[in-house]
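> Following this message is one structure expressed as structure tokens.
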Amino acid sequence: MAVTSLWDDRDLTDEQKLFKSSILRWAERNLPLSRVIKMNREGHPFPQDIIKGLGELGVIMGTVPKERGGLGLRWTDQAIIAEVIGYIDPSIATAAGFMAVGSGWGFTVDRYAGDEVREKYIRPAMRGEGFVGIASTEPGGGSDVSNFKCTGVKEGDEWVLNGEKTFISGVEEAQRIGGGYWVNVRTGPKQDDAPHKNMTAFFVPIDTDGLTPTEPYDDAGRNAISTSGFIMEDVRVPDEYMLGEEGKGFYYTMEGFDNARILIGGSAVGVTRRLLEEAADYIKERETFGRPLAKYEGIQFEFVERYIEMEASNLMVKKVAAMQDVRYDEEGWLARTGKATTYRPKEIAKWIAMIKYKIPHLAKDTADDAMHWLGAAGYSSEFIFETAWRGVMSYCVGAEGGANIQKIVIGRETLGNDYVPYR
Ligand SMILES: Cc1cc2nc3c(=O)[nH]c(=O)nc-3n(C[C@H](O)[C@H](O)[C@H](O)COP(=O)(O)OP(=O)(O)OC[C@H]3O[C@@H](n4cnc5c(N)ncnc54)[C@H](O)[C@@H]3O)c2cc1C
């Protein structure tokens, strides 16, 4: 653990401090940086003791309400938990990726699922005994969420799903420990002026007949959790495995992305904080020309720039998580209910897109800077920086939505609807 502390936690609640200290204690025993590095070198599958450990810590889907078996945490709590997890896992792959995907999407599945899906899949996943993920992306592309080709046709009281999903996190892990995916398919004719309509979301267990996983990708980073996909050939799921209402999958999917992106933002703050701490320890110690590296402006001022950006990002995540709490408190967060009074959903989406765009890039750039500050040592996997760079990059290029897509969401709200590129 780093000697330099760049973490002032006096504004945390007692419960948040308790989460922070128990996660750090758990990580010291079970997930030191050396193990994060090793897991990223050796590749998936993601070790079961860590999945179980995260479940026991209560960090997976903590925001599921108490009456449905969750801890009933606020998004402000879950975002701080995400930060601590990013801090212990700067590869954002092992614990952080798993927690963020599982919690953001798991919570949203829980909101729209029937009792059977909740009992059989959500509850075990909360305990770290299963995996719940998102299967949105298709071979034709991931950004255009309203134009997917997978289909669903109703036959009696079942739905028959066909098509392929690709670049999906955790398929290998779900096969191993059980679980399933939020899967979007088209269930009605495509309307050219409103392609997002007639998309429906289903929960599809990974072991359903007709579902065949595809080969894992050999990714640049985030190697401790698998990325692959699956083909669905006449996959049958019961009517009650539909999430929410028929034809409204696009809206629910946007909600799921919002939830996952808040946690990615929180995790990336934690990653940046840890990288700065680790780098600070080194540059204060290492001397060239008779002085510590930290004394040279070329290094100190770059360090300070990243520190300022990190603390500004931290405040942004807190603001955004608090907006999400208001949204769920009002239970009117969907504009179509007419109940959202404090923030418009698209306004919250803009803030969420800002943290999803900015903070993973900050974490990646900090890792890049730190490699320069450390010289050859920074380039070696003896230190965490190159592992972190490779891992965080996944959230810059695409995972949970590409960078430009976030900018389109922000542009829509700042310049107006007339300037969105897809119209
Ligand atoms: C490690 C990893 C894990 C992933 N895990 C999952 C998962 O669990 N589930 C899942 O469903 N998906 C997952 N994805 C896929 C991810 O959701 C997609 O990468 C993302 O949605 C972008 O889709 P794409 O990669 O097909 O890029 P494309 O949609 O082909 O876009 C390519 C590039 O063009 C940009 N672009 C697209 N449209 C525009 C436009 N109108 N204007 C300007 N620029 C544009 C994009 O930002 C992107 O940079 C994962 C990706 C990675 C890297």
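Bear in mind these aren't lab numbers, they're just calculated from the coordinates by the rules spelled out. In this text, all values refer to a predicted model and were calculated from it rather than measured experimentally. We place every Cβ from the backbone using ideal geometry, glycine too, and count neighbours over all the protein chains shown.
> When a footprinting reagent is the concern and you count Cβ atoms within 10 Å, what order do TRP351, TRP26 take, fewest first?
The order, fewest Cβ neighbours first, is TRP26, TRP351.
> Roughly how many Å is it from the Cα centre of region 72-148 to that of region 383-423, as a whole number?
19 Å
> Work out from phi, with θ = phi - 60° and the Karplus expression 6.51 cos²θ - 1.76 cosθ + 1.60, the ³J(HN,Hα) of each residue of region 161-170, listed in order in whole Hz, and give x for Gly and Pro.
So the J values, rounded to whole Hz, are 10, 9, x, 10, 10, 9, 6, 9, 6, x.
> Separate question: Between rounded, prolate and oblate, where does region 14-131 land on the alpha carbon gyration tensor, with a ≥ b ≥ c its root eigenvalues, rounded for a/c under 1.5, else prolate if a/b exceeds b/c?
oblate
> Kindly put TRP75, TRP7, TRP373 in sequence by how many other C-beta atoms sit within 10 Å of each C-beta, fewest to most.
TRP7, TRP373, TRP75
> Would you please classify the overall shape of the chain from the alpha carbon gyration tensor, given that a ≥ b ≥ c denote the square roots of the eigenvalues, rounded means a/c under 1.5, and beyond that prolate means a/b larger than b/c while oblate covers the rest?
Cα axes put the chain in the prolate bin.
> Sort region 133-243 into rounded, prolate or oblate with this rule: let a ≥ b ≥ c be the square roots of the eigenvalues of the Cα gyration tensor; rounded if a/c is under 1.5, and if a/c is not under 1.5, prolate when a/b is larger than b/c, oblate otherwise. Intermediate results must be reported in sequence, preceding the final value.
Details: a/c = 2.33, a/b = 1.33, b/c = 1.75.
In terms of gyration-tensor shape, oblate.
> Separate question: At 7 Å along Cα-to-Cβ for each site, give me the label-to-label distance between PHE301 and THR288 in nm.
So the label points at PHE301 and THR288 sit 1.7 nm apart.
> For region 280-329, which GluC sites (Glu not before Pro) are both in a DSSP coil and crowded by at most 14 other Cβ atoms within 10 Å?
Answer by residue number: there is no such site.
> Okay, next question. Okay, helix-only estimate at 222 nm for the chain: each DSSP H run of n ≥ 4 adds -39500 (n - 2.57), divide by all residues, round to 500 deg cm²/dmol; what do you get?
-16500 deg cm²/dmol
> Note down the net charge around THR76, summing +1 for each Lys or Arg and -1 for each Asp or Glu among other residues with Cβ under 10 Å from its Cβ.
Once all neighbours under 10 Å are counted, the net charge is +1.
> Suppose each label sits 7 Å from its Cα in the direction of the beta carbon; what would the ARG10-GLU129 distance come out to in nanometres?
It is 4.4 nm.
> Toward the positive end of the charge dipole of region 14-131, about the Cα centre and with charges on Cβ (Lys, Arg +1; Asp, Glu -1), which of ALA96, GLY69, ILE37 goes farthest?
ILE37
> Run the numbers on the chain and let me know its relative contact order in percent, using alpha-carbon pairs under 8 Å that are six or more apart.
18 percent
> In nm, to one decimal, how far is the ALA312 label point from the VAL153 one, both placed 7 Å along Cα→Cβ?
With each label point 7 Å from Cα toward Cβ, the separation is 5.4 nm.
> When VAL145, VAL3, VAL204 are ordered from fewest to most other Cβ atoms inside 10 Å of their Cβ, what list results?
So the ranking, lowest neighbour count to highest, is VAL3, VAL145, VAL204.
> Let me check against my output: what whole-number percent is the relative contact order of region 14-131, with C-alpha pairs under 8 Å and at least 6 apart?
About 32 percent, as a whole number.
> Using the membrane-span-like helix rule (whole DSSP H runs, Cα extent along the own axis of at least 27 Å, mean Kyte-Doolittle hydropathy at least -1.0), which helices of the chain qualify?
249-285, 297-330, 345-374
> Apply 1/(1 + (r/R0)^6) to the Cβ-Cβ distance of ASP418 and THR214, taking R0 = 25 Å, and write down the FRET efficiency to the nearest 0.05.
On the way: r = 40 Å, r/R0 = 1.62.
Taking R0 as 25 Å, the efficiency between ASP418 and THR214 is 0.05.
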